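First the structure, in the form of C-alpha cells, and then the observations on it.
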Amino acid sequence: MSLHRSRRTLFSLIIAAIVGESSATASEVRGMVRTQDGRPVSQAVVRLSGPSASQEAVTGARGEFRLDLPEGTYTAAVRGFEVDASPVVVADRDVAIDISLRPARIREEVVVAATRSRTAISSVGVSASVLDATDLRERQTLRLTDALSEVPGLNTATTGGIGAQSSVFVRGGESRFARVLIDGVPVNEPGGFFNFGTLLTPDVERVEVVRGSFGTLYGSDALAGVIALQSTPLDGLRRLRASASGGDLGSSSFSATGSGKVGSLSAALSVGRSKTDNEGANADFASTLVAASFERRFNPDAAILGSFRFNGSEGGTPGPSVFGRPDLDARYERDLMIASLASRFRSGALSHSIRMGLKRDNQLSTNPLDSGSYRPAYRGQAAAFDSFDFPNPSGYANNTDRLFGTYELRGQAGPHSLTAGGDIEREAGRLGTVGETPLRPTRVSYGVFLQDQIALSSRAFGTLSLRAEHNGSTGTTLVPHASAAWVAARATSFELILRAGGGAGIKAPSFFESYGTSSYALGNPDLEPERARTYDGGLDLHVGDRLKLQATYFRHRYLDQIAYKVVSYAPFVGTYENLGETRAQGVEVSGEWRPSSHLRLLSNYTFQKSEVVTSASTDPQLAAGEELRRRPGHQGSLTAEATFARGSLGATVVRMSDRVDSDFLGIGLTRNPGHTRLDLRATFRVHSHARLLATLENATDAGYQEVLGYAALPRRFRVSLSLDSAR
C-alpha cells in the first residue's frame, strides 16, 4: 500500500468520524498483463468495472499495473482484447491478479518490432500490420510474398515462380530499404537487400510489418520499414503439427513441427521439404528446412532462449524467357543459417535483455555452358541487338556473415516506460568468382539508443527515441523518431484513435559500393549513408466487435541515394557516389468486417505516388520527375472467408495497376501492364485433428508478369492434409 493512499484513507476515516458516517476503505489491486505464452505487454489499457466504481490503468514496462478500488466485485477488461471474465473480488486486503490476453473478434495487436518489446499497437502511434498463424494457414499460400503483397504499403516483385528472386518494396523505397528480422536476427545482406524468394510459409507463425523509418531502434537498413518474421512459438504446449501437399507443376511439400515442455524447459523442432517444377524449362526449385528452439524459464522474469534455423535451397534461373529462349543450365544454390542465444532477467525494478546471434548466407550462382545468342522480342517488337550468355563454369559466390550482439535495459518511472540499449554488428563477406581471389571486406558497426514510451493518460500516449549509430563505412549519425496516439472518442461500441509519427533512417552502402576493387565498379570509401525522412498520420476506427477501419497518409523522402557514375572512358573507370533523391507519398486504407460469426471480409488499398527528385544517371527512366520502377500507383486486395461446421471457404482478389519497368534488353518496353489475380481455397475437417485443404491459385489463369520478362505462374491446384494434435 502506498504512502499516498494511506494518507488519503486516514483522511477519509477522520471525515467519516466527524460526520458520523461509515466509510469503505480502498484496497490496492496489483496485476500483470501477459500474452497467452506468458510475455508481459506494455501500454495496455486495463479497466476494472464494478457497481460502485470503475477505474483504468496503463501497464508499465513489465506489463504491471496498479489501481486503488473500494470493496466490491469487479470485471476486468483490456482494450482491444478478450480476457478471462472471472470476477475480481476486492475486500479489506490487497489483491493480485494476472490477466492473459486473447485476441478479440476484431483484433487489437501486440507488436514487438515497433518498440523492441511487446506493446499494444494502438498505444504506439505507428503504422503496422500483423499476419498471425491463423491468417497464414487460412491463406494457404506457399510463397510468403503472396501474403506480403496483401499488406498495405507493400508491393512485391518476383522473377517467375516459387523460389525465384523476390523483392519487397515498402512505401516507395528501394528493395533494400527494409530491415528484415527472423526470430529477432537481422538477415539483410550488407547494403540492405534481402531475397524473399526462398522463404516459404510452413514454419512462419507470425509476420509483423512496421512502416516508416525506424533507424532509432535498428540502425542500418530500416529506412522504409521493418519486416519481422517469427517461427514456431515456445508456448509450452505439447503439440505435433504436420502437413503434406501435392499439386500441379510437379509441386509437393511436407512439413512437421513438434513442441513440448518438460518442467521449466520448452522446446520445438521443425523440418520441411518443398519442391516444384514451376512453369517452363530449368525453372525447378527445391527447399529444405530444419529449425529448432528452446526456452529455459527460471521464473516468470528470467529465462534463457536459443534458436537455430537452416534453410537450404536450389533452383534453375532461366532468365527473362518471355523475351526469348531460356538459359537451360544456369543454376543457383543458397544456404541461409541463423542462430541466436538470448537471456532475460530482472533485478529489482529493472529488466535486462541480452541477445547474440549469427546469420550466414552463402549463395552460389553457376552458368557452365554458353547457350548461344538470341534476339529478344515481345509481341512483334524486337531489340536492336542480340543478347548473350555470360558463362561462368566455376560459379560466382556471394557469401556474407553477420555477427551481432544487443543489450537492453527497461524500467518504469511514473508514466514513462524507459528503454536504453546498445547494439554491435560485424559484417563480413567473401565475394567473387570461385577459384579466384575473392573480395573479403569486413566492417563493424555499433549504436546506442534511448526510448521513452509515455502514458500521459489511458487515452493519450507518446513515444520518443534517439540513436547514435557508428558505421564502419559511413561514420557516426544521429537518428530520431517520435510518435503519438490519442483516443479521440470512445463509447460502449465505438472508438476512434488518432495517430501520427515521424522518424529518420539510415542505410550503409553495400560491400561493392564501399570496397570494390574493379575499375569498372570501384568502391568509394567516402560514401555517406543513404537516408530517409518519413512522416505519417492516420486514424483507427472500431465499431463494436464487428468493424475496424484504418486510414493513413504517408510522405517519405529518401536522400543521398547511391548511384553508379562513370569517372572516365579512357581508361574506363566507374565508381559510386551519393547522387540521388526520391520521394513517395500516398494513402493506405484497410478494413476488417465481421457481419456474422461465420463471415469475415478483409480489404486493403494503397495509393502511392513516387518520383525521382534528383539523379545523375544517364538512364532516362531515372531522370528527375520520373516514376520509380516497379512501384504501382494503385494496389489492393479483397478477401472473403466463410466458416461452417466442418470447414471453410475463402477467396482473395489482388489487383495491381500498371507501373514503370524496363526489359533491360533493348526491346524498348518501359511499362508493365496491371493485373488481377484470384485465389480460391477450401478446408474440410475430416477428423478432430485433421483437415483437408484445397487451393486454386490464379483461378482465372491470368497471364501477367510481376517483373517484365518473367511470366507469373499459370492456374494451379494444390491439395493438402493437415494434422494438428492440439485441435
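The values are calculated or read from the model by the stated rules, or taken from the named source; none is laboratory data. Computed from a predicted structure; not experimentally measured. Cβ coordinates were reconstructed from backbone atoms using ideal geometry, including for glycine residues, and neighbour counts include every protein chain displayed.
Of note:
- Taken as a whole, the range 439-455 holds no residue that is of a type in the set (Lys, Arg), part of a strand (DSSP E or B), over 30 Å from residue 393 (Cα atoms) and in contact with a helix residue (DSSP H, G or I) (Cβ under 7 Å, 6 or more places away or on another chain).
- Taken over the range 381-412, the criterion of being small (Gly, Ala, Ser) and out of contact with any strand residue (DSSP E or B) (no Cβ under 9 Å at 6 or more places or on another chain) is satisfied by 382, 384.
- Any hit, the range 457-466, residues being in the same structural domain as residue 358 (by TED's automatic domain parsing), free of Cβ contacts under 8 Å to residues at least 40 places away in the same chain and under 21 Å from the mean Cα position of the chain (by Cα): no
- Which numbered condition residue 568 misses (of (1) at pLDDT 95 or above; (2) among the hydroxyl-bearing types (Ser, Thr, Tyr); (3) within 30 Å of residue 662 (Cα to Cα)): (1)
- Residue within the range 286-297 that is surrounded by 21 or more Cβ atoms within 10 Å (Cβ to Cβ) and more than 19 Å from residue 183 (Cα to Cα) present: yes
- Evaluated against (1) outside any strand (DSSP E or B); (2) touching a His at 6+ places or on another chain (Cβ under 9 Å), residue 664 falls short on exactly one condition, (2).
- In this structure, residue 259 qualifies as surrounded by 18 or more Cβ atoms within 10 Å (Cβ to Cβ), at pLDDT below 95 and in contact with a strand residue (DSSP E or B) (Cβ under 7 Å, 6 or more places away or on another chain).
- Residue among 93, 79, 39, 47 that is closer than 25 Å to residue 344 by Cα and touching a residue at least 12 places away in the same chain (Cβ under 8 Å): 39
- Flag if residue 492 is assigned by TED's automatic domain parsing to the domain that holds residue 534 and more than 26 Å from the chain's Cα centre (by Cα): yes
- Matching residues, the range 300-329, being assigned to a strand (DSSP E or B) and in contact (Cβ under 8 Å) with a residue 60 or more places away in the chain: 305, 307, 309, 311, 313, 315
- Of the residues making up the range 161-178, just one is basic (Lys, Arg) and under 16 Å from residue 151 (Cα atoms), namely 171.
- Residue list for the range 681-705, restricted to those being under 27 Å from residue 659 (Cα atoms) and not in a strand (DSSP E or B): 698, 699, 700, 701, 702, 703, 704, 705
- The condition (being under 18 Å from the mean Cα position of the chain (by Cα), of a type in the set (A, V, I, L, M, F, W, C) and modelled with pLDDT under 90) is satisfied by just one residue among 83, 111, 151, 90: 111.
- Given (1) within 30 Å of residue 148 (Cα to Cα); (2) touching a residue at least 40 places away in the same chain (Cβ under 8 Å); (3) surrounded by 16 or more Cβ atoms within 10 Å (Cβ to Cβ), number of the condition residue 494 does not satisfy: (3)
- In the set 538, 580, only one residue is modelled with pLDDT under 95 and touching a strand residue (DSSP E or B) at 6+ places or on another chain (Cβ under 9 Å); that residue is 580.
- Conditions (1) touching a Lys or Arg at 6+ places or on another chain (Cβ under 8 Å); (2) assigned to a loop (DSSP other than H, G, I, E, B); (3) surrounded by 24 or more Cβ atoms within 10 Å (Cβ to Cβ): number failed by residue 191: (3)
- Positions within the range 255-296 being under 30 Å from residue 62 (Cα atoms) and touching a residue at least 40 places away in the same chain (Cβ under 8 Å), in sequence order: 291, 293, 294, 295
- Qualifying position, being over 11 Å from the mean Cα position of the chain (by Cα), of a type in the set (Gly, Ala, Ser) and assigned by TED's automatic domain parsing to the domain that holds residue 483, among 236, 212, 197: 236
- Any hit, the range 636-647, residues being touching a residue at least 40 places away in the same chain (Cβ under 8 Å), more than 24 Å from residue 715 (Cβ to Cβ) and part of a strand (DSSP E or B): yes
- Answer residue from the range 352-411, given it is aliphatic (A, V, I, L, M) and part of a loop (DSSP other than H, G, I, E, B) and is farthest from residue 331 (Cα to Cα) among those: 384
- Residue list for the range 320-342, filter: among the charged types (D, E, K, R) and under 21 Å from residue 364 (Cα atoms): 327, 329, 331, 333, 334, 335
- Among (1) hydroxyl-bearing (Ser, Thr, Tyr); (2) over 22 Å from residue 552 (Cβ atoms); (3) touching a Phe, Trp or Tyr at 6+ places or on another chain (Cβ under 7 Å), the one test that residue 473 misses: (3)
- Matching residues, the range 548-591, being hydroxyl-bearing (Ser, Thr, Tyr) and in contact (Cβ under 8 Å) with a residue 12 or more places away in the chain: 552, 553, 558, 564, 575, 576, 582, 590
- Of note, residue 307 satisfies the criterion of being crowded, with 21+ Cβ neighbours inside 10 Å and either touching a strand residue (DSSP E or B) at 6+ places or on another chain (Cβ under 6 Å) or at pLDDT 95 or above (or both).
- Residue among 321, 251, 340, 259 that alone is within 29 Å of residue 399 (Cβ to Cβ), of a type in the set (Ser, Thr, Tyr) and touching a Ser or Thr at 6+ places or on another chain (Cβ under 7 Å): 340
- Residue list for the range 198-223, filter: farther than 23 Å from residue 233 by Cα and assigned to a loop (DSSP other than H, G, I, E, B): 212, 213, 214, 219, 221, 222, 223
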